[in-house]
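The values are calculated or read from the model by the stated rules, or taken from the named source; none is laboratory data. Treat the numbers as computed from the prediction; the structure is a model and nothing was measured. Here the Cβ positions follow ideal geometry from the backbone for every residue, glycine too, while neighbour counts run over all protein chains shown. Just the protein is used for accessible areas: all its heavy atoms, side chains included, with ligands, DNA and RNA removed. Shrake-Rupley method; radii C 1.70, N 1.55, O 1.52, S 1.80 Å.
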Amino acid sequence: MVDFNAIASGSNVVNNQAGALMLAYEADAVRPGANGIVNNAGTIRSITTTGSSSDGVDFQGNSGITFNNLSGGLLEGGRHGVTGGPDTAIAWTGAINNAAGATIRGMNGSGLNFDGFNSLQVITVRNAGLITGNGVTGDGDGVDVDGPVDLINSGTIRSINAFSPVGSGLAFSEGLSVGGGTIRNTGLIEGLVAVGNTNAVGRGISLVGNDITSGPNAGQREALYSNATVINGAGGVIRGDSDSAIYIGGLGGSGKLVRIDNQAGGTIVGGGTAAAIRSASDYDTTVINAGRIDGSASGVAIDLGAGRSTLVVSGGQAVILGDVRGASAAGSATVRFEVGNGHQFSYAGAFSDVNRMQVESGRVVLTGQSQHIGTVTLDGGVLELQGDQRLGAAGALEVNGGTLKVTGGNQSFASLSLLGSGTFELDGAGLSFTSVGGVVAGSVLTVTQLGAGYALRFAGDLSHDASFLNLVAATKVNGLAATYSFSNGFTTLSAVPEPSTYALLLAGIAMLGWRLRKRGAAV
């Protein structure tokens with residue numbers, strides 16, 4: 001055992017060369033002093049048979065320590081691999097660099113475990129190798145940092161198992177559990193559960209504060225201590241074996257910001273009955289997806305929670321498998337499509353409880369049965385609804401560019417506003433509205449209708465409604481000027497017949513009169 005814990009200033013360095021072994025029984029193997037450096041290319045191991053706090057490297061309360069686990073290096077803690085943390089709300093830092101070909105593992109605890117209860121604690125992690133935790137008698141997270149983290153992962157971070165006695169609630173086996181900060185991943189982050197363990201679930205990343213151990217909220221988690229960002233890059237996989245891939249939680253988190261950026265080539269996949277991405281708090285949360293979010297196991301891909309949340313679907317490679325649940329009663333949710341010109345996003349799931357759905361570019365094809373959709377805004381691109389009432393009885397439709405295409409079924413909205421020129425393509429379908437909102441002068445609505453039935457209809461008699469009359473003047477149906485008629489409780493907007501159509505109509509009436517006269521003469 002090397003114990004430099006008492007060194008409060010100056011320098012201290014521990015070098016463990018390739019092929020060398022540093023071994024401790026029922027104790028920490030290495031305790032660096034303040035601002036110390038530990039370089040390991042061999043093996044550092046602590047062993048316990050009594051369940052004592054025997055860790056591989058223990059920073060204790062010392063700040064400024066760096067642990068470099070070099071290629072071929074193995075750090076193995078009887079409890080945690082690397083641990084430490086301040087006891088009070090002071091500025092405190094630590095750094096872990098785990099190279100490709102290096103391994104850090106906690107045999108009955110976390111790979112990395114840092115305790116702290118404040119936003120001043122920042123841990124920097126650079127992992128290109130393997131970090132694992134394994135809970136035999138308790139938690140076993142891959143990386144557990146109570147405060148904020150600055151983490152870049154191109155290797156593997158894994159929780160193998162977590163344990164909780166039956167009757168004491170579920171245990172959570174988390175690849176990462178952090179209280180805020182920034183996570184950049186191009187490797188694998190996952191939470192697993194050992195075979196036969198039915199009292200635990202495997203979760204990829206938990207963005208939460210520390211456990212609350214007393215009072216009315218005991219058993220829950222504190223709010224995040226800082227804003228949190230997860231960037232999952234090309235090749236990156238974040239996976240929950242039997243729970244969410246990313247869970248956002250903690251009490252009283254209002255004012256904190258959470259950002260999930262799943263880039264093209266990135267995968268976020270959930271397991272069990274939980275959403276792949278789930279917010280259980282009221283943080284303002286933004287999810288940007290240009291990759292793959294897979295909630296097939298539960299049927300729910302994204303649950304945005306109670307904050308002011310936004311989902312942005314971006315680029316031509318975006319895939320979402322499973323439903324998207326917007327805000328609960330206390331929050332608001334916006335879904336924005338920035339698919340890009342020449343790209344298409346097809347979605348068979350259902351959106352629900354979305355305050356605003358906005359199409360800006362590209363082609364968006366919705367075939368699922370959504371509900372509780374507020375304002376739908378067309379700023380550009382194409383929104384295609386295949387089937388009847390794909391958006392349920394939606395709120396306002398605002399046209400400020402772009403195209404709405406409806407095929408094989410009708411769609412209803414509370415109101416229609418023409419804020420800029422746009423297009424409706426109706427194939428065996430019609431659009432129903434309760435009222436007309438604003439109509440901006442100079443805007444043109446182009447309607448193409450294929451098949452029989454109404455094109456546009458409005459509840460009630462709008463023949464004296466100024467906004468409706470402005471809409472009629474701005475609309476062309478199948479290339480012709482629009483007119484309207486009121487019947488059976490609806491004002492229906494359709495094309496003005498061409499002169500040739502009038503001639504055919506008059507000829508038909510004349511022919512009918514001639515036949516009637518001839519039939520009368522023959523009697």
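Couple of notes before you dig in:
- The set of residues in region 15-29 being under 20 Å from Gln60 (Cα atoms), outside any strand (DSSP E or B) and open to solvent by 30 Å² or more (accessible area, probe 1.4 Å) consists of Glu26 alone.
- Ser309 open to solvent by less than 40 Å² (accessible area, probe 1.4 Å), in a strand (DSSP E or B) and among the small types (Gly, Ala, Ser): yes
- Scanning region 106-139 for residues that are part of a strand (DSSP E or B), within 16 Å of Ser226 (Cβ to Cβ) and open to solvent by 10 Å² or more (accessible area, probe 1.4 Å) yields Val122, Thr124.
- First in region 250-276 and within 19 Å of Arg221 (Cα to Cα), second anywhere and surrounded by fewer than 17 Cβ atoms within 10 Å (Cβ to Cβ) and of a type in the set (S, T, N, Q), Cβ under 7 Å, 6 or more apart: Leu251/Asn217; Leu251/Gln220
- Residue among Ala20, Ala41 that is modelled with pLDDT of 95 or more and closer than 23 Å to Asn153 by Cα: Ala41
- Qualifying positions in region 243-265 - touching a Lys or Arg at 6+ places or on another chain (Cβ under 8 Å) and surrounded by fewer than 24 Cβ atoms within 10 Å (Cβ to Cβ): Gly249, Leu251
- Any hit, region 6-14, residues being assigned to a strand (DSSP E or B), over 35 Å from the mean Cα position of the chain (by Cα), farther than 24 Å from Pro148 by Cβ and touching a residue at least 24 places away in the same chain (Cβ under 8 Å): yes
- Strands (runs of 3 or more DSSP E) wholly inside region 140-220 containing at least 1 residues that are hydroxyl-bearing (Ser, Thr, Tyr), within 22 Å of the chain's Cα centre (by Cα) and farther than 22 Å from Ala297 by Cβ: 181-185
- Where Ala228 falls short, out of the listed (1) open to solvent by less than 10 Å² (accessible area, probe 1.4 Å); (2) under 20 Å from Ile320 (Cα atoms); (3) in contact (Cβ under 8 Å) with a residue 40 or more places away in the chain: (2)
- Being surrounded by 24 or more Cβ atoms within 10 Å (Cβ to Cβ) and either modelled with pLDDT under 95 or not in a loop (DSSP other than H, G, I, E, B) (or both) is a property that holds for Thr285.
- Every pair of residues 6+ apart whose Cβ atoms lie under 6 Å, when the first sits in region 476-497 and is open to solvent by 50 Å² or more (accessible area, probe 1.4 Å) while the second is among the basic types (Lys, Arg): Phe490/Arg457
- Looking at Val258, Val237, just one residue is under 16 Å from the mean Cα position of the chain (by Cα) and farther than 18 Å from Leu304 by Cα, and that residue is Val237.
- Just one of the listed residues (Thr213, Thr186) is surrounded by fewer than 21 Cβ atoms within 10 Å (Cβ to Cβ), within 25 Å of Gln121 (Cα to Cα) and at pLDDT 95 or above, namely Thr186.
- Residues satisfying the stated conditions in region 40-62, i.e. among the hydroxyl-bearing types (Ser, Thr, Tyr) and assigned to a strand (DSSP E or B): Thr43, Ser46
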